[in-house]
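K.L.:
Pasting a structure here, questions to come.
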Amino acid sequence: MYENAKEQIENICKLADECPELYRVKAFEILLRGYVDSLLPQRTVQPATNVAAVAPPRPHADTSWTATVPQEVQPRLSAMAQRRKLPPEKLAALFDFSSDPFTFSPLHVTGKSTKDRMRNVALLVGARAFLATGRWVADWAEIKAMCTHQNCYDQPNFAATLKKEKGETLKNVTPGNNVELSARGTDQAEQLLATLAGVTDVAEQ
Amino acid sequence: MLPSSDALEVLLEKAKEISKALARLHGAEVTRQDLKESLASLAREWLRFSPSIKEAGCCKPDTIATYDGAMGDLLAGTGTRARASALKKKLDIFCSSLLDDVVVPLIQIEGSPRHVAARQVQDALAGQLTPEESAYFEEAARCLTVQCFRAAIIMLWAAAIARLHGAVVKRGFDSFNKAVDATVARKGAPFNRVKDSAKLSSLPELQRSKDSDLLVIGMELFNLDLQAYQELDRLLGIRNDCAHPGMNQPGALDVQQFASKLRTYVFNHVTP
């Protein structure tokens, strides 16, 4: 085991001597320990393939989002996230639950035209109403307010645009009161939320 | 009362129409009586809305004062000889920036989730309430808009009890007392809570009676089953929590849920 120990220790002494006097003893100890350790039997390393075969520990489901979301909203939000194959925390992040009643987090509603954006706003407001009350009914004034916020409020054509959606994405349109989303509307509203939540990231996972 | 943004949009459209009509007259004196009347009516309508808009605090007071001044001048102008161009100049102050200065801030208020929640509570029972119940609901809605959720729950419960009291009076105290007898004859909870002394002969006595007793007797009187009773008893518990000091902190959704349950178990079930 220590066949050429004398030679190795002489080398260690030479190296230690080259260090400043203050560090010579410490350097000698470190070098000697290194030499001794190099002679000890090495711990067997598992082949890389075995490492890969071991499943990584399953991450615990992130439930921190539930802390801020009102209890009444949680089941509807979770179910919607499940339907759209979204992590619920991503969906929850689209809303600001720090205010009561909850509002939308800052988000940008896109669309090909102002009319398209107004329609998308109505669908999103309907989705928020569903999460809050369980009914896909969007308040007229809330749609208007969000349209002004999103800078897509076309005052002369606002009512006409929503009325045109009747039979398409909207089931009922009562100007000045509310709009009720149709089955197609609810589906598109959920799709819109999924897009805003970044569903493409999820698909890549 | 604060006008709706829809009402102001209609007013703005009217102002734009009048402005177009004035533009066609160029600098000539306005002699058409119908035009003068439209202008006067527009100005009066604005001046009627203006104080409540100012009070709401959603717009700059200076801006409202400018519009008030322009509309006051227009109103005065309709009573004297005035050129169309002069009137149009005043009116255009109103037409050019009312949307951004007043209508949009008003839309933001109307569309805020608190106001939406308040409207949802009111709309949930629209057309089903008596004037007395309606007053409590309106007050609950107002409480919601200023985030007084405990007060809103108390008001909603008051509306429900008003419905039950009204129903007792309508059915007559004899029916009520028979229901008391039937309740007392039953054994076990919750019937054993009610004593024979719960019998009544006047409205003041009814008003002094305990809500919890009324719910138990209501099982007999209004054909409420045990589940409906238990749900109402829980709602009474929530109401009591809201009315007494404690750590209970209901939110807007709790108020909405409370209203929704009252609708199911009281307003849809017990006719006034």
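The values are calculated or read from the model by the stated rules, or taken from the named source; none is laboratory data. It should be emphasised that the depicted structure is a prediction, and the values quoted were computed from it without experimental measurement. Cβ sites come from the backbone with ideal geometry, for glycine too, and all protein chains shown count toward neighbours. Surface areas here come from the heavy atoms of the whole protein model, side chains and all, with no ligands, DNA or RNA. Shrake-Rupley method; radii C 1.70, N 1.55, O 1.52, S 1.80 Å.
K.L.:
So how much accessible surface do B and A hide from each other in total, probe 1.4 Å, in square angstrom to the nearest 100?
P.N.:
So the buried area, both faces added, is about 1800 Å².
K.L.:
Right, something else. Given the C-alpha atoms of the stretch B:172-263, compute the convex hull and give its volume per residue in Å³.
P.N.:
Cα convex hull per residue, to the nearest whole number: 119 Å³.
K.L.:
Would you kindly find the accessible area of residue B:211, with a 1.4 Å probe and non-protein molecules such as ligands, DNA and RNA excluded, rounding to the nearest 10 Å²?
P.N.:
Estimated to the nearest 10 Å², residue B:211 gives 40 Å².
K.L.:
What Cys residues in chain B have no fellow cysteine's beta-carbon under 4.7 angstrom?
P.N.:
Flagged as lacking a Cys partner: B:58, B:59, B:95, B:242.
K.L.:
With just the Cα atoms of the protein assembly as shown, tell me how far they stretch along each of the three principal axes, in Å, largest first.
P.N.:
For the protein assembly as shown, the Cα extents along the three principal axes come out at 122, 88, 49 Å.
K.L.:
Can I ask one more? Take the alpha carbon atoms of the stretch B:114-267, find their radius of gyration, then divide it by 2.2 N^0.38 Å using N residues; give the quotient.
P.N.:
Output field value: 1.06.
K.L.:
How big is the shadow of the Cα convex hull of the stretch B:5-110, averaged over all directions, in nm²?
P.N.:
So the Cα hull casts an average projection of 5.8 nm².
K.L.:
Using a 1.4 Å probe on the protein heavy atoms only, what accessible surface does residue B:100 show? Give it in Å² to the nearest 10.
P.N.:
Here the residue's solvent-accessible area equals roughly 110 Å².
K.L.:
Once you average over the residues of B:116-123, how many Cβ atoms of partner chains fall within 10 Å of each Cβ?
P.N.:
For peptide B:116-123, the averaged partner shielding equals 5.
K.L.:
Another one. If the cut-off is 17 Å between C-alpha atoms, which lysines fall inside it for residue B:210, apart from same-chain ones fewer than 8 positions away?
P.N.:
The qualifying lysines are B:195, B:199.
K.L.:
Counting heavy atoms of the protein chains only and a 1.4 Å probe, report the per residue accessible area for the protein assembly as shown as a whole number of Å². Could the numbers behind the result be given before it?
P.N.:
Working: 26190 Å² over 477 residues.
In whole numbers, the protein assembly as shown has 55 Å² accessible per residue.
K.L.:
Using the 2.2 N^0.38 Å rule of thumb for compact globular proteins, work out how the stretch A:65-196 stacks up: its C-alpha Rg over that value, please.
P.N.:
The reported ratio for this selection is 0.99.
K.L.:
Checking the table A:164/B:89; A:112/B:60; A:144/A:164; A:115/B:90; B:54/B:90; A:112/B:20 against a 26 Å threshold on Cα-Cα, which pairs fail?
P.N.:
Over 26 Å Cα-Cα: A:164/B:89; A:112/B:60; A:115/B:90; A:112/B:20.
K.L.:
Could you please put A:147, A:19 in sequence from largest to smallest accessible area, using a 1.4 Å probe?
P.N.:
In descending accessible area the options line up as A:19, A:147.
K.L.:
Quick one: how many Å² of residue A:140 are accessible to a 1.4 Å probe, rounded to 10?
P.N.:
Accessible area of residue A:140: about 10 Å².
K.L.:
Also: On alpha-carbon atoms, Rg over Rh for the stretch B:52-184 using Kirkwood Rh?
P.N.:
With Rg and the Kirkwood Rh in hand, the quotient comes to 1.29.
K.L.:
Classify the stretch B:152-200 as rounded, prolate or oblate from the Cα gyration tensor: take a ≥ b ≥ c as the square roots of its eigenvalues, call it rounded if a/c is under 1.5, otherwise prolate when a/b beats b/c and oblate if not.
P.N.:
In terms of gyration-tensor shape, oblate.
K.L.:
For residue A:163, which aspartates and glutamates qualify as cross-link partners when the Cα separation must be under 17 Å and same-chain residues fewer than eight apart are set aside?
P.N.:
A:116, A:139, A:142, A:154, A:180, B:6
K.L.:
Continuing with this model, one more query. On a 0 to 90° scale, report how tilted helix B:61-77 is relative to the longest principal axis of chain B, with both axes built from alpha carbons and the result rounded to the nearest 10.
P.N.:
The angle comes out at about 60 degrees.
K.L.:
Right, here's the next one. How big is the charge dipole of the protein assembly as shown about its Cα centre, in debye rounded to the nearest 20, if each Lys and Arg gets +1 on its Cβ and each Asp and Glu gets -1 on its Cβ?
P.N.:
Details: 58 positive and 57 negative charges, 292 e Å.
Here the size comes out at about 1400 debye.
K.L.:
Going Cα to Cα from residue B:187, which aspartates and glutamates come in below 18 Å? Please leave out same-chain ones fewer than 8 positions away.
P.N.:
Straight-distance partners of residue B:187: B:196, B:213, B:220, B:225.
K.L.:
Here's a follow-up. If you count, for every residue in B:250-256, the Cβ atoms of partner chains within 10 Å of its Cβ, what is the mean?
P.N.:
Mean shielding count: 5.
K.L.:
Evaluate peptide A:136-145: per residue, the Cβ atoms of other protein chains within 10 Å of its Cβ; return the mean as an integer. The partial results should precede the final answer.
P.N.:
On the way: counts 0, 2, 1, 9, 6, 13, 8, 2, 10, 12.
Taking the mean over all residues of the peptide, I get 6.
K.L.:
Checking the a/c ratio against 1.5 first, then a/b against b/c, what shape does the Cα gyration tensor give for chain B?
P.N.:
Because a/c hits 1.5 or more and a/b exceeds b/c, chain B counts as prolate.
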